[in-house]
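Take a look at the structure below.
The values are calculated or read from the model by the stated rules, or taken from the named source; none is laboratory data. Quantities reported herein were computed from a predicted structural model and do not represent experimental measurements. Neighbour counts run over all protein chains shown; Cβ positions are idealised from the backbone, glycine included.
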Amino acid sequence: MNKTILFIVTVFILILGSGAGRVFAQTDGSTKAVELATDHRVKGQSGFQRWLDEKPRGLYNNTSFAIVSERGNVFSGMQTAFGYKFNPHLGIGGGIGIERLSNLPTYSYYTANFTFLPVFAEVRYTMLKTRFTPVIALQGGYKVLINTPSSQMDEWMTWIYPPYAWNYYYNYDTYTRGGLFATLEIGVNARVYKRFGVYASVNYSVWSVSGINHYWVYNATEFEPGKITAVVNEYTRGVLAYQGIFLLRLGFTF
């Protein structure tokens, strides 16, 4: 009779213990509580904590600063991109930045200083799931021209009828619009704490700018000493210039 009652009490305790996430086991006349491995603690983990622990899918950010360019521009801008990782490797997103680039070639030997606001979409591929991993990104979008830069001015003179008649020539460009751009980025991401990493990359970007070419002609004459007269003509035409530049970038990811 005592054994039957003990058996019923043991079963009842087991039922209560399983409901509370524990199992009570009896050994050598004593009862011990053993933790059950349940999903309750895992399910109770916050979404941010799961994302922080390198969840293979979810939002990502890549923010980087342009440290130096092939033309010697130092700390010339920054950009930030947000997107969604579909798996540990592939992410798609978009971003915005600001750039101040000086002494950029336009065409021939003309150069100018530009300030851009690039707006872009990107595809980002992380090769490995290790702490250090190569990364490849393709970006494409439009660079909005913030300033209205002018190139340097060419000027020269030719004699028409020396020493009584000659021409002065002036030639320069002004740029009024940015253009489409594409960037190939190759970098390395080093994860330093969970999802947070330090990022270094080299990218090559090509884009276009458009504006107006100004061509001035001064037809000067001096048939009487000290009395110079001139007829001035200006000719304008649209210009489209393509640019390309290498940039070293440093930043962070999460």
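Table for the structure above
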read-out	value
Scope region 149-183; condition in contact (Cβ under 8 Å) with a residue 40 or more places away in the chain and either assigned to a loop (DSSP other than H, G, I, E, B) or touching a Cys at 6+ places or on another chain (Cβ under 7 Å) (or both); matching residues	SER151, GLN152, PRO163, TYR164, GLY178
Failed item, numbered, when TYR215 is tested on (1) in contact (Cβ under 8 Å) with a residue 12 or more places away in the chain; (2) on the phi > 0 side of the Ramachandran plot; (3) not charged (D, E, K, R)	(2)
Residues located in region 95-109, provided they are within 17 Å of ASN147 (Cβ to Cβ) and outside any strand (DSSP E or B)	THR106
Some residue of region 213-227 being modelled with pLDDT under 95, farther than 30 Å from ILE160 by Cα, surrounded by 13 or more Cβ atoms within 10 Å (Cβ to Cβ) and of a type outside the set (Gly, Ala, Ser)	no
Any hit, region 129-145, residues being basic (Lys, Arg), assigned to a loop (DSSP other than H, G, I, E, B) and assigned by TED's automatic domain parsing to the domain that holds PHE65	yes
Given (1) in contact (Cβ under 8 Å) with a residue 40 or more places away in the chain; (2) out of contact with any Gly (no Cβ under 9 Å at 6 or more places or on another chain); (3) not charged (D, E, K, R), index of the condition MET127 fails	(1)
Whichever residue in region 239-253 is at pLDDT 95 or above and not aliphatic (A, V, I, L, M) and, among such residues, is nearest to PHE75 (Cα to Cα)	ARG249
Where a residue in region 76-103 is surrounded by 14 or more Cβ atoms within 10 Å (Cβ to Cβ) and its partner, wherever it lies, is part of a loop (DSSP other than H, G, I, E, B) and polar (S, T, N, Q), with Cβ under 8 Å and at least six apart	ARG100/ASN73; LEU101/ASN73; SER102/ASN73
